[in-house]
Amino acid sequence: MKWRNNAAVGYHLRGQKALQMNVSDPGFHIASVLVLPENEVQLWRLDLGALSTGEDRWLLMLSSDEQARAARFIPRHARQHFVVTRGMLRMVLAAYLATDPRKLTFQNSIRNKPSLGPPHAESGIRFNVAHSGEVALLAFARNREVGVDVEKVRGDLEVDAIARRFFSPHEQKQLTAVASHDRVEAFFRCWTRKEAYVKAKGEGLGLPLDQFDVSMAAGSNNALLATRPDGSEAARWSLRDVGVGPGYAGALCVAGHDFQLHNWDGAEP
């Protein structure tokens, strides 16, 4: 998936008007109801730095609990990024559900995976959110689980030491085989893929990171290699990279393979 800056793309399959899914305009709004078919996953990219200039507008969309949580964030940019991400999440969900963003409620599973609360809990809409640096990703699907992750690539981490602690033996071998000048990018590629799968599963810390293997090969659309103890689990998921932009790594995990991905770069099979 290639990233095109300021691309007003994202044509939906049910005859909907073209919609910008790479959002950087603080005045962005959705003028009509959006359709989310069961055979489609929709992925949005947010430029948090640009959108933060409209913080007051996004804040009005949040619940009182969310506003109180935002007020506790230090430093300022962390508060702004939280407000923008939650505000955009509410705006997009409300467009799918033809409702007011402020009327949405949320609930968490036992493992703290968020979902829609009453009266929209039975809508079938699933979502997942990730943010790092100046970028946030919002993933949406209907009647299938979805997980997304994004990380700003950093060169100041001891990636080999972190891999020994969290990666599976197979992944550690893959990382060791990568040339030293490519190792940081390979590490973040692996990390985001693992996080996207864990988030899609909704098991949080209940799913040890060394209980499954992902590929470190760039551009893989079938990056989940093995799962334990149930080896058949790997075939139930689609795990792929997301081309977020220079300096970032991203990944998307979706239950099943019978879907089309729609994002800021159009549609993919």
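Quick note: the coordinates plus some simple rules give every number you see, no bench work behind them. In this text, all values refer to a predicted model and were calculated from it rather than measured experimentally. All Cβ positions, even for glycine, are placed from backbone atoms using ideal geometry, and neighbour counts span all protein chains on display.
Values as computed for the structure displayed
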{"quantity": "Share of alpha-carbon pairs per 5 Å distance bin for the stretch 112-181, given as whole %", "calculated": "3, 13, 15, 15, 14, 14, 11, 7, 5, 2, 0"}
{"quantity": "Those GluC sites (Glu not before Pro) in the stretch 119-211 that DSSP places in a loop and that have at most 10 other beta carbons within 10 Å", "calculated": "Glu158"}
{"quantity": "Over 29 Å [Cα-Cα, the stretch 41-197], rounded percent", "calculated": "29 percent"}
{"quantity": "Spherically averaged projected area of the chain from its Cα convex hull (nm²)", "calculated": "14.1 nm²"}
{"quantity": "Over the stretch 155-241 - Rg/Rh using Cα atoms and the Kirkwood inverse-distance radius", "calculated": "0.94"}
{"quantity": "Nearest-ten-degree value, helix 183-201 long axis tilted from longest Cα axis of the chain", "calculated": "60 degrees"}
{"quantity": "Taking Arg189, Arg165 and counting other C-beta atoms within 10 Å, the order from fewest to most", "calculated": "Arg165, Arg189"}
{"quantity": "Stretchable slack from Ala121 to Ala226, in nm (0.36 nm times residue separation minus alpha-carbon distance)", "calculated": "34.6 nm"}
